Amino acid sequence: MKTRCRFLILLLLTLVTFGLSFAARGQARVTKERFGDTLDGKGVDIYTLTNSHGVDARIINYGGIVTSLKVPDRNGKLDDVVLGFDNLDAYLKGRTYLGAIIGRYGNRIAKGRFTLNGVEYKLAVNNGENHLHGGIKGFDKVVWNARVLKVPNGAALELTYLSKDGEEGYPGNLSVKVIYTLTNANELKVDYSATTDKDTVVNLTQHSYFNLAGQGNGDILNHRLFINAARFTPTDAGSIPTGELRRVRGTPFDFTRPTAIGARINQDYDQLKLGKGYDHNFVLNGRMGTLRQAARVYEPTTGRMMEVWTTEPGMQFYTGNFLDGTLTGKDGKVYQQRYGFCLETQHYPDSPNKPSFPTAVLRKGTRYHTTTTFRFSTSKSEPPADRGPQAGSPLGVVDAGG
Ligand code: GLA
């Protein structure tokens, strides 16, 4: 009897010990280390968010940059699927926005000007004659306040920044919050919110360059892409939308059925020539403000798949056209043209000057809030795309794709 009792206690202890160590391994967590100092002496930290499956995202509070994101392939092998640098200096010098939070306005505002409440605002001009990604010192180049959040379903980091009235020419003190959550379902969720003390314009996005075969491991032309959009916004030579919402059907911009990114990229089509590849905003199907699938990317050699879900009305699809082999990233990998793609969920470029586009105005006393989720999984072969809601586009156009 005594022996049996002892045996049972021993068994119980063993189970508890195993259980505890398993829980410790399987628990989402965040660790913090010093990453470097900015030129004006501000300390920058790197936060490692790890979820219950050992997937991890590393984020610095300079620019809110996702410096690495390790997700499994179909055999469970983790690899880093975003382009980035090993050290802060490279980010300080960088002009390619690798992995950063973009603001106040993602993408371009024509000639760096817009009029709001009868007042013309002049913004910093940093891309030819236009304003790009918030100006000379956008949100990608500032140090954010960071706070680790306790969440039930993963690991989370809150970043806040106060953009002063007049910064880069924008009106209003804008108080911005971005929460990154790496969920236990292998999603990187980005929640953006902002308030202002004066009417202004806001359009925040995330500028990660993905390569699902692993960063630096070749170009992204064989990745297969689905975009849930029946229209896109063609641009002029300066990448400013003309105002047209062009149907994708019958053009190289039709990704309503999964298609290799490289299948049509070199076709003789005006918009591909102007953009040096894809560098365009897609008008997402479904209702703006509701979380719906914007895109899905499948990488056939590793089986990695990424879905993008968003509440935003648009998404910039950019194929790393300006990467040219002059940047050396993590692990000494050289980033050649088209070594990464971006899916920047957003309001359409130049909305402040295009009354027909969904408005990017944030009124004093109201709150800006958008969500985008990058969901990672694997598959042996490419599943059919879920084309989701086709009706009720942001402009109220019911469009079944052509
Ligand atoms: C966006 C723009 C591109 C380019 C990249 C950053 O995607 O649309 O034209 O500026 O950012 O290099």
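The values are calculated or read from the model by the stated rules, or taken from the named source; none is laboratory data. What you see is a predicted model, and the numbers here were worked out from it, not measured in a lab. Every residue, glycine among them, receives a Cβ derived from its backbone with ideal geometry; neighbour counts consider all protein chains shown. All accessible areas refer to the heavy atoms of the entire protein, side chains included, with ligands and DNA or RNA removed. Shrake-Rupley method; radii C 1.70, N 1.55, O 1.52, S 1.80 Å.
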**Request:** Please work out if PHE253 is outside any loop (DSSP other than H, G, I, E, B), in contact (Cβ under 8 Å) with a residue 24 or more places away in the chain and open to solvent by less than 10 Å² (accessible area, probe 1.4 Å).
**Result:** no
**Item:** Among residues of region 274-284, those that are within 12 Å of ALA229 (Cβ to Cβ) and either open to solvent by 10 Å² or more (accessible area, probe 1.4 Å) or touching a Lys or Arg at 6+ places or on another chain (Cβ under 6 Å) (or both), counted
**Value:** 1
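With over 28 Å from ALA237 (Cβ atoms) and either over 20 Å from the mean Cα position of the chain (by Cα) or modelled with pLDDT of 95 or more (or both) as the only criterion, which of LEU272, LEU291 stands out? Lay out the reasoning, then the answer.
On the way: LEU272 fails: over 28 Å from ALA237 (Cβ atoms).
None of the other options fit; the residue is LEU291.
Per-residue answers, yes or no, for (1) more than 16 Å from the ligand (Cβ to nearest atom); (2) open to solvent by less than 30 Å² (accessible area, probe 1.4 Å); (3) of a type in the set (A, V, I, L, M):
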{"residue": "TYR269", "(1), (2), (3)": "yes, no, no"}
{"residue": "LEU272", "(1), (2), (3)": "no, yes, yes"}
{"residue": "ARG304", "(1), (2), (3)": "yes, yes, no"}
{"residue": "LYS330", "(1), (2), (3)": "yes, yes, no"}
**Prompt:** Got at least one residue in region 291-299 being within 16 Å of the ligand (Cβ to nearest atom), assigned to a strand (DSSP E or B) and either farther than 20 Å from ASN217 by Cα or touching a helix residue (DSSP H, G or I) at 6+ places or on another chain (Cβ under 8 Å) (or both)?
**Reply:** yes
**Request:** Would you mind telling me which numbered condition in (1) more than 21 Å from THR359 (Cα to Cα); (2) within 16 Å of the ligand (Cβ to nearest atom) ASN130 fails?
**Result:** (1)
**Asked** Which condition number does ASP86 fail, the rest of (1) part of a loop (DSSP other than H, G, I, E, B); (2) crowded, with 19+ Cβ neighbours inside 10 Å being met?
**Response** (2)
**Message:** Go through region 162-187 and report how many residues are in contact with a Ser or Thr (Cβ under 7 Å, 6 or more places away or on another chain) and open to solvent by less than 10 Å² (accessible area, probe 1.4 Å).
**Reply:** 5
**Request:** Of all residues in region 121-153, count the ones that are surrounded by 17 or more Cβ atoms within 10 Å (Cβ to Cβ) and on the phi > 0 side of the Ramachandran plot.
**Result:** 3
**Request:** Could you please find all residues in region 94-120 being aromatic (Phe, Trp, Tyr) and either open to solvent by 50 Å² or more (accessible area, probe 1.4 Å) or assigned to a strand (DSSP E or B) (or both)?
**Result:** TYR105, PHE114
**Asked** Mind checking which residues of region 211-245 are more than 29 Å from VAL71 (Cβ to Cβ) and surrounded by fewer than 17 Cβ atoms within 10 Å (Cβ to Cβ)?
**Response** ASP236, ALA237, GLY238, THR242, GLY243, GLU244
**Prompt:** If you go through region 207-217 one residue at a time, do you hit one that is under 30 Å from TYR121 (Cα atoms), under 15 Å from the mean Cα position of the chain (by Cα) and modelled with pLDDT of 95 or more?
**Reply:** yes
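Take LYS77 and tell me if it is open to solvent by 20 Å² or more (accessible area, probe 1.4 Å), among the basic types (Lys, Arg), touching a Ser or Thr at 6+ places or on another chain (Cβ under 9 Å) and away from the ligand (no atom under 16 Å from the Cβ).
Working: open to solvent by 20 Å² or more (accessible area, probe 1.4 Å): yes; among the basic types (Lys, Arg): yes; touching a Ser or Thr at 6+ places or on another chain (Cβ under 9 Å): yes; away from the ligand (no atom under 16 Å from the Cβ): yes.
The answer is yes for LYS77.
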**Request:** Output the number of residues of region 90-123 satisfying the condition of being within 15 Å of the ligand (Cβ to nearest atom), more than 16 Å from the chain's Cα centre (by Cα) and over 22 Å from TYR339 (Cα atoms).
**Result:** 4
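With the requirement that a residue be part of a strand (DSSP E or B) and either among the aliphatic types (A, V, I, L, M) or surrounded by fewer than 22 Cβ atoms within 10 Å (Cβ to Cβ) (or both), what does region 196-206 give you? Before the answer, list the steps.
Step one: of region 196-206, the residues part of a strand (DSSP E or B) are 196, 200-201, 203, 205-206.
Residue satisfying the conditions is VAL201 alone.
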**Complete:** Counting only residues that are more than 18 Å from HIS223 (Cβ to Cβ) and part of a loop (DSSP other than H, G, I, E, B), region 256-275 contains a total of 2
